[in-house]
Structure formats: C-alpha cells, structure tokens
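What follows is a set of notes on a single structure, which appears directly below.
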Amino acid sequence: MSFLKTLFILSFCLFSSLYAHKCVHNEMDVTLKVTGNHQHKLFTNLPLRSNYRNLRMAFDFTNIESASEYVQIYIRDLLMPPVQSFFEAALKIVPTLPASNLYVGQDTCGSFVTIPPKAWTVGYDSDIVIFVSAVYEPSAEYLARSVPCAINRLTNRPSVGAIIFNTAYIKLDMKDTTIESDLSTTLHEITHVLGFSKALYPRYIDPKTLQPLTGHIFNKTVNGIPTMVLNVPPLTQRLRAHFNCSTLEGAYLENEGGPGSFGAHFERRVFYNEFMTASDIKDARVSEFTLALFEGTGWYQADYSLAEPMTYGKNKGCEFLDTKCVNPDTKETSFKEFCSPFASRGVTWTRRGFGVCGAFKPYINPSLHSEFDYWGNKTKVIDSFSDNCPQIQFLSSFDCEDSSLGVNALLDTYESYGIGSKAFMGTLSLDDSALSEPLGFCFKPKCLKKEDGGYELSVFFGGSDGGYVNCSAAGTVLAEDFGFFIIFWERVCEFNNL
C-alpha cells in the first residue's frame, strides 16, 4: 500500500475536479538565521550510528487562528500529525548538548509569519519548530508554500521553518483522494524546510568532519538543456543502482519553470511521480531518493524501510537519462515510460487511472524551446515540467481509487472503484460483442508471486456476486459470461507493490 494512502488512513481515523498544486517554495525569500548558543556541542565529534536519535519536531499554530474553525481543525488535527509522525520515524539526528529548549527570535521568519512570545520566552522542546500559517489567495495556484528560516549553529541543520497554507485551495470535502493529495503537498513542503532547498544546498556538510560540502551542486547540459545536478553520495549511489547507470553524476533537478521550481525539485522527465517533483501528481511516491537526499545533507540518518517503490525508469540505463524521450527522426518515443500516439487514450504509468497521451489535442506553442520540439511543429504537452515528453495525463474524473467515481463505470457494478483498484484497458462490453477499440476499466487486482519471480494476476469481476478471474495468458483475461476481451495488465503487480 502507498505510504500516502497509509497516511490518509491514519488521518481519517482522527475524523469519523482536483486542482494542480504548483510548488512556489523558492519564491519565498528569507535570510537564514542561526539558532543555538556557543556553549552547545555535539554529542560526539564523530557521529556514530549509536549516537543518532529520532528527529523531534514541533509545530506552532498561532498563525492559523484567523482561519475558520474547520480549516484550523483540518490543518492542525488532520494534515500535520501524520506528516510529523512520518518525519520523526524516517529521520534521525545527532543531538547537541547540553539539552535545552529551542528559542526563536521575533524576526526569524521575516514577514511570512508572526513569531509568538512563547518562541523567545519559553521555547520548544524539539530539534526544529515549524510555524504554520494560513492566507487566502484565490488567484494563486498553490495549496501551501514553505521556507526554512534558521539553521543550527553547529551543524547547519534547519531548526526553524514556516509553512503557509492557501485556504482558497482547501476543499474540506473529506474525500479520500483530496486528503491524500493535501497530505502529499504538506509532506512536499516540509521536505523543502528540512533540506531540499536551494537556500540549504550550500549548507550541506560531511557528517564525519562537519565541514561544508563543496562541488556537490553543478550545472551540465542534458539533451541540449542547462540542468542543475545534485551529487551527494547516498543519493547518487541509489540513483545509479535504480537506473542501472554507473556513470550517473548525480540527481537531475528541474530545468523548467520559475524560481519556485527550477533547481528546487527532481526533474519530472526522470522522476515522474516522485513526490518531490515540481507540481502535484497523482499517485505520488515518497521514494528512497528523497530519503537519500536527506542523508546526503549530512544532517540525518534515514530509515529506508519507509520508502515506497519507484519503477519509473528502473534498469533503463544511462540512455534513459541522457537521450531525448522522442526520437527526432522517427518521431517515436524512446522508452515505454512515454506514450504514443499523441492524444491517444491510455492508463497512467502506475495504473492509478486513465488519461490522454500528452494532451487532449495538439497544442501549438510558438515559443517552445527547439530542443523540446520533437515533432517539428511546436506541439506542446500539458505538463510544463516534463521536458515536453508525452506521458499519460491523468483525468481526475477517471481515478480508480476514488470510490465516489464508480458512477462513471462503463460496466456498472462489475467494476471496482476505491483504494487498491487499478486501471485496465480492454474491449469488454455488456453486449455480446466486444468493443471495437479498448476503453478504460477499474478492477481490483490480486497478485501471487511465483517461484520463478513472476506474478500470477487475477482481477475481481462481477459486483457483489462476482469473484476473481485469473489471467489466462499475458495481457488477456477470459470472462466467460461476457465473451473474450483483451485487457492490458503489464506493470500491475510488479509496479504497484501489491
């Protein structure tokens, strides 16, 4: 099960068309302050595994008191507790001695939040405090934004931050998919505060010497486009293993967009649904790569057992990273991660739902960068961060995990919508004959791993009186009562951790 779904379930226990959030993190400019006093020292000068303990976080909600009561409850009691639980479980630090409360000055976060008197009189019994604020900005395309405000005097590790929620984009509809998306965005923004930030890159340290890293951020040209690269050993090593590319120099960071996205996120073309790409994406994954980035800062030790599996680009080699996604001569896509033909229908990479390839119809952008003009006619895809690579663009009205969308099912109750359901393309119909072309369906799959390492797949079919139907051959299912139909099921088991 996706960790974000686990977070949702945890959040929902506290209570008995989706927008496209764009991250504007780096549009917030604040001068980093320093916390801690000169009498503090590390528990040890050489951090050993036994010296680490779990990160302790505190959130101050003074700045959301002007929001409605329901918004306050949603932020304070539903979104923040599971996010805090995740980071406190996933990250460990070496504490400073002597132990004391964390004090914060009045101007630490600039004009973004008001620091309450408690911050400089009583302080917080934590390693980092994050001030939570709320504003109403209906013209802005973001749910939340964040900024690190101060760092620890000894280690450069962030000790104070702020997250600002835009209440114009808080729906309060209590749909599971809305909560999942809002949790993903909140995790994303707190990750910026904890380390994934251009303001913090120069502060990364070698944990053995406590000296700042040098040369770990550099620029290179990738497919004709200037690209920022982050090279810290834990991250680079895991990326090389994932992509099967031993010469990879580091993580490619986002090369498109304004200051809120450029260089402050993983590149969408390469990382696709990793939750630290530059805009909200369905079925986002908290992967080993972000945890490895945390470890690469020199401030944290990460628990990789909490990482979700990433299959996008897996074992595709260096060519996947450094080759254009569409061959400019043949106009064909270079890897299965990219779709064809343009505007055709299909399932998303993680099979969460259905969509269209690239865009609903060809959109011509005269100012399109020449390196992204794969089809020679300035055709532009919807996703503004994908290097114009054609991927199945998710349609929110066809989300197989949204139980409220079962009314859209082509096969009525024979399909299954809700958590755990996946998207399939097939030619099944309620008539005696098959459809002339494949359409999308939602079924709940079951996977049995075989001795040879492969999987045996079955799908639940037939409503309340139905049962699981086995796949009779690769790519097909036989439903005797409805005739033979083709159903494309590649990646269902291997790529979704079922």
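Quick note: the coordinates plus some simple rules give every number you see, no bench work behind them. Just so you know, these numbers come straight off a predicted model, no measurement behind them. Positions of Cβ are backbone-derived with ideal geometry, glycine not excepted, and every protein chain shown enters the neighbour counts.
Name the shape class, rounded, prolate or oblate, that the alpha-carbon gyration tensor gives for region 87-180, where a ≥ b ≥ c are the square roots of its eigenvalues, rounded holds for a/c under 1.5, and otherwise prolate holds if a/b is larger than b/c and oblate otherwise.
Prolate, since a/c reaches 1.5 and a/b exceeds b/c.
Just the number: Rg to Rh for region 378-417, Cα atoms, Kirkwood Rh, two decimals.
1.19
Take the Cβ-Cβ distance between residue 359 and residue 470 as r, set R0 to 45 Å, and report the resulting FRET efficiency rounded to the nearest 0.05.
Calculated transfer efficiency: 0.75.
If you count the DSSP beta bridges with both ends in the chain, what percent of them are antiparallel, to the nearest 5?
80 percent
Quick check: pseudo-label points 7 Å beyond the Cα along Cα→Cβ at residue 88 and residue 31, how many nm apart are they?
Output for this residue pair reads 3.4 nm.
Can you tell me the alpha carbon radius of gyration of region 251-366 divided by the globular rule-of-thumb value 2.2 N^0.38 Å?
For region 251-366, the normalised Cα radius of gyration is 1.18.
How large is log10 of I(q)/I(0) for region 327-399 at q = 0.11, 0.17 Å⁻¹ when the intensity is taken from the Debye formula with one equal scatterer per alpha-carbon?
One equal scatterer on each Cα of region 327-399 leads to -0.25, -0.58.
Per the helix-only calculation at 222 nm, which mean residue ellipticity applies to the chain, given -39500 (n - 2.57) for every DSSP H run of n ≥ 4 and division by its residues, nearest 500 deg cm²/dmol?
-4500 deg cm²/dmol
Let me know the Rg and Dmax you get for region 354-447 when you use only its Cα atoms, in Å.
17.0, 50
Figure the gain on full extension for residue 375 and residue 139 (residue separation times 0.36 nm, minus the Cα-Cα span) and round it to one decimal in nm.
In short, 81.6 nm is gained.
Tell me the Kirkwood hydrodynamic radius of region 209-259 in angstroms, computed as one over the mean inverse distance between distinct C-alpha pairs.
12.1 Å
In nm, what is the difference between 0.36 nm times the number of residues separating residue 125 and residue 409 and their Cα-Cα distance?
Using 0.36 nm per residue and subtracting the Cα-Cα distance, I get 97.1 nm.
So what is the relative contact order for region 327-399, in percent, with contacts set as C-alpha pairs under 8 Å and at least six apart?
35 percent
With each pseudo-label sitting 7 Å past Cα toward Cβ, what's the residue 153-residue 223 distance in nm, one decimal?
4.8 nm
If you place +1 on the Cβ of every Lys and Arg, -1 on the Cβ of every Asp and Glu, and leave all else neutral, what size is the dipole of the chain about its Cα centre, to the nearest 20 Debye?
1600 debye
Which percent of Cα-Cα pairs in region 217-306 sits in each 5 Å bin, short to long?
For region 217-306, the pair-distance distribution reads 3, 15, 23, 27, 21, 9, 2, 0.
Report, in listed order, any pair from 361/450; 208/282; 282/324; 208/324; 220/450 with a Cα-Cα distance greater than 32 Å.
361/450; 208/282; 208/324; 220/450
Residue by residue through region 215-229, which ³J(HN,Hα) values in whole Hz follow from phi under the Karplus form 6.51 cos²θ - 1.76 cosθ + 1.60 (θ = phi - 60°), with glycine and proline marked x?
Ordered by residue, 3J(HN,Hα) equals x, 8, 10, 8, 10, 8, 9, 10, 6, x, 10, x, 9, 7, 10 Hz.
Going through region 80-144, which chymotrypsin sites (Phe, Trp or Tyr not before Pro) have at most 12 other Cβ atoms within 10 Å and a DSSP loop state?
none
Could you work out the Rg to Rh ratio of the chain, with Rh taken as the Kirkwood radius (inverse of the mean 1/r over all Cα pairs)?
Result for the chain is an Rg/Rh of 0.98.
Residue separation times 0.36 nm, minus the C-alpha to C-alpha distance between residue 111 and residue 431: what's the value?
Contour length minus Cα-Cα distance gives 108.8 nm.
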